[in-house]
Amino acid sequence: MSETLIKGPALVLGPEEGESYWQPGPHHGHMTVKLGPHNLDHKPFSMGIQVMPPGCHVRAHGHARNDEVFYILEGTGSCVIDGQKHVLEPGSTVMLGRYCEHSIHNDGDKDMKDKLGGKGANLAEMSKAGVPVPPGFTIVTDVCNIFFDNEQVVPAEVDKQIWDAVSRVEKLTGKKLGDASDPLLLSVRSGAKFSMPGMMNTILNLGLNDATTEGLAEKTGNARFAYDCYRRFIQMFGEVSMNVEMEYFDEAFDERKKKAKVKSDADLSAKDLKAIVEEYKKIIRKHAKRCLLYTSDAADE
């Protein structure tokens with residue numbers, strides 16, 4: 001009796017193909033299903049790409065329809081299968097048959113200061129402990145070395161990961177970077193393994209531009225607050241990212257106080273702060289030899 005051979009499916013997917021969706025807490029990560037019954041002619045198998053921040057986890061669950069395979073690309077963690085814990089590291093492979101109950105954990109915490117810096121590692125620890133940490137993401141310290149080794153250019157792959165992370169923050173907050181009606185504002189903080197008071201730079205209110213500042217003023221009903229945030233952003237952005245000396249901003253600020261005949265910063269009006277914003281832009285154009293591209297597009301920031 002001759003054997004009947006049944007040819008199996010063949011499928012090639014590009015890097016951007018696959019069903020992608022956001023998984024909320026406690027995962028707080030992105031999942032892209034590359035292969036599954038939906039595109040394998042109902043074959044009971046699935047494979048995908050899963051990104052999970054340090055300190056987060058996927059709840060215990062099982063699959064009735066298909067088997068599942070995990071391959072760890074980077075990071076360390078653990079997988080609990082039917083009550084038994086297994087350590088995961090780059091190169092680990094996990095096969096999960098149907099109905100196998102499993103949970104996956106990214107065990108990153110305060111001990112990962114080499115990778116996450118002090119602030120990032122402590123935020124991961126807080127998230128792991130269930131503390132309500134505002135949505136955000138950490139760019140690992142390796143990127144700094146890559147930046148300097150790559151002629152001070154962020155590689156396209158890293159840039160894409162950053163934008164993917166921004167998109168996840170947008171979904172979690174319900175706000176969008178550059179949305180004039182309800183802008184997403186980010187706090188950018190540098191960090192290192194060891195505490196270095198006065199040495200670490202910060203940029204607050206990333207996402208403000210002319211249009212989003214107007215939107216913030218309208219949303220809060222407080223124009224003074226909005227323009228004070230904007231002038232602080234330009235000042236910090238100018239000093240940290242464009243190497244403009246802080247004294248130029250201080251001189252313009254003090255000059256406006258004299259013109260407004262006030263002694264306290266708090267006595268400056270929204271009109272005064274708006275005028276300071278325009279002066280700050282002139283300072284950057286003059287001393288950084290570059291105009292403020294972000295006045296029209298928050299993404300350029």
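The values are calculated or read from the model by the stated rules, or taken from the named source; none is laboratory data. Just so we're clear, the structure is a prediction, and the values are computed from it rather than from any experiment. Because the Cβ atoms are built from the backbone with ideal geometry, glycine has one as well, and the counts that use them run over all protein chains shown.
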So for segment 63-76 (the condition being at pLDDT 90 or above, part of a loop (DSSP other than H, G, I, E, B) and out of contact with any strand residue (DSSP E or B) (no Cβ under 6 Å at 6 or more places or on another chain)), does at least one residue qualify?
no
Can you tell me which residues in segment 151-196 are closer than 27 Å to LEU216 by Cβ, hydroxyl-bearing (Ser, Thr, Tyr) and not in a helix (DSSP H, G or I)?
SER181, SER187, SER190
Looking only at segment 35-49, filter to residues that are surrounded by 16 or more Cβ atoms within 10 Å (Cβ to Cβ) and over 22 Å from PHE137 (Cα atoms); which one of those is nearest to the chain's Cα centre (by Cα)?
MET47
Does GLY77 satisfy being within 28 Å of the chain's Cα centre (by Cα) and under 24 Å from THR141 (Cα atoms)?
yes
Give the residues of segment 6-30 that are modelled with pLDDT under 80 and not in a loop (DSSP other than H, G, I, E, B), sorted by residue number.
SER20, TYR21, TRP22, GLN23, GLY29, HIS30
Kindly provide the set of residues from segment 82-118 that are in contact (Cβ under 8 Å) with a residue 12 or more places away in the chain, surrounded by fewer than 18 Cβ atoms within 10 Å (Cβ to Cβ) and among the aliphatic types (A, V, I, L, M), ordered by number.
VAL94, MET95
Has segment 257-267 got at least one residue that is out of contact with any Asp or Glu (no Cβ under 6 Å at 6 or more places or on another chain), touching a residue at least 24 places away in the same chain (Cβ under 8 Å) and hydroxyl-bearing (Ser, Thr, Tyr)?
no
Could you please find all residues in segment 99-115 being assigned to a loop (DSSP other than H, G, I, E, B) and modelled with pLDDT of 90 or more?
TYR99, CYS100, GLU101
Flagged in segment 119-132 as within 23 Å of GLY174 (Cα to Cα) and surrounded by fewer than 18 Cβ atoms within 10 Å (Cβ to Cβ), in numbering order, are MET126, GLY130, VAL131, PRO132
In the set GLY207, GLY191, which member is in the same structural domain as ALA275 (by TED's automatic domain parsing), under 21 Å from LEU116 (Cβ atoms) and either surrounded by 17 or more Cβ atoms within 10 Å (Cβ to Cβ) or at pLDDT 95 or above (or both)?
GLY191
